[in-house]
Amino acid sequence: MPRRKSSVTTVGTPIPVWTDTSTFAINGTIVVENNGTIGVSATASLEVKGTAVTDFTGGPGEAQSITLNNIESIAIAGAGGTGTASVKVAFSLNYKF
């Protein structure tokens, strides 16, 4: 499962994690782990295909996963709180031929 570690800040510009360069439909599971300091760090939101995923915001010390269809890109962004958070993103993708 590919992993990427990034830092997000409050309401920051989305940080690209992965972009599909193929012509295939992509399905998969994405995990976001916010390792920021509770009460100090920013929350992290997940964006897929350039749009925020509804109800997918992880505060410091939290992890969430989601399975989606037709994934074209994955990005994370700061969604609230203050400071900077250390965020890990892992994903498993399935190409439909």
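The values are calculated or read from the model by the stated rules, or taken from the named source; none is laboratory data. Not measured: the values here are computed from a predicted model. As a convention, Cβ positions derive from the backbone with ideal geometry for all residues, glycine included, and neighbour counts pool all protein chains shown.
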- Which condition breaks for THR21 when tested against (1) over 12 Å from ALA77 (Cβ atoms); (2) surrounded by fewer than 18 Cβ atoms within 10 Å (Cβ to Cβ); (3) at pLDDT below 90? (3)
- When (1) crowded, with 17+ Cβ neighbours inside 10 Å; (2) free of Cβ contacts under 8 Å to residues at least 40 places away in the same chain; (3) of a type outside the set (Phe, Trp, Tyr) are applied to ALA52, the one that fails is (1)
- Only residues that are surrounded by fewer than 18 Cβ atoms within 10 Å (Cβ to Cβ) and without any contact (Cβ under 8 Å) to a residue 60 or more places away in the chain: list them for segment 73-86, please. SER73
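Report yes if ILE38 is in a strand (DSSP E or B) and touching a residue at least 12 places away in the same chain (Cβ under 8 Å), otherwise no. Can you show your working first?
Numbers: in a strand (DSSP E or B): no; touching a residue at least 12 places away in the same chain (Cβ under 8 Å): yes.
Answer is no for this residue.
Before we move on, is ILE30 modelled with pLDDT of 90 or more, within 10 Å of the chain's Cα centre (by Cα) and of a type outside the set (Gly, Ala, Ser)?
Values: modelled with pLDDT of 90 or more: yes; within 10 Å of the chain's Cα centre (by Cα): yes; of a type outside the set (Gly, Ala, Ser): yes.
In short, yes.
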- Which numbered condition trips up ASN70, out of (1) surrounded by fewer than 18 Cβ atoms within 10 Å (Cβ to Cβ); (2) modelled with pLDDT under 90; (3) assigned to a loop (DSSP other than H, G, I, E, B)? (2)
- Message: Can you tell me which condition SER45 does not meet? The list is (1) farther than 17 Å from ASP20 by Cβ; (2) hydroxyl-bearing (Ser, Thr, Tyr); (3) surrounded by fewer than 18 Cβ atoms within 10 Å (Cβ to Cβ), and all the others hold.
- Response: (3)
